1. For Y57 and D92, calculate 0.36 nm times their separation in residues minus their Cα-Cα distance, and state this gained length in nm to one decimal.
2. Where a Cα-Cα gap under 18 Å defines reach, which aspartates and glutamates qualify for K14, not counting those fewer than 8 residues away within the same chain?
3. With the Cα gyration tensor of segment 59-130 giving a ≥ b ≥ c as the square roots of its eigenvalues, does the rule (a/c under 1.5 for rounded; else a/b larger than b/c for prolate; else oblate) give rounded, prolate or oblate?
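Quick note: the coordinates plus some simple rules give every number you see, no bench work behind them. In this text, all values refer to a predicted model and were calculated from it rather than measured experimentally.
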Amino acid sequence: MLDKVHSVNRAWAKNRGVFVALALLITACSSSAPSHLPIPLLLPAQAIGSALENTAYSARRTAVKSHVTEHFATLDAEIIAGGGPLLTQAYDLARIKSSDRAQLAKTLAQDPNLRVDAEALTVSLMVHGP
């Protein structure tokens, strides 16, 4: 009888990590209470969704960067002047809300570090988009 208890204790000691991991996985599947652990069954779908979001963001950033790089001098002049068609097009490409555009134009005009080069202006525009 004692031999059986001893072997169970030895099995617990050897596989403690497996038991703990299994317990965590089982509790992660419970959706009845808030948890910071993701539901394991949803991880593949979340990975696909994340990949699609990253692809869309990358395409939008590339379009904004090419527009800013191509028209940088004119965009800089339009920012200082308070607006213009190329700046509006840059806002559209970055999908900046029309309600936020006036404040952003003012901020860009006041802080030249935000538009020191094409990369800085691209980042400034992308930060204010969705």
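1. Gain in length upon complete extension: 11.2 nm.
2. Result set, ordered by chain and number: D3.
3. Note, shape of segment 59-130 comes out rounded.
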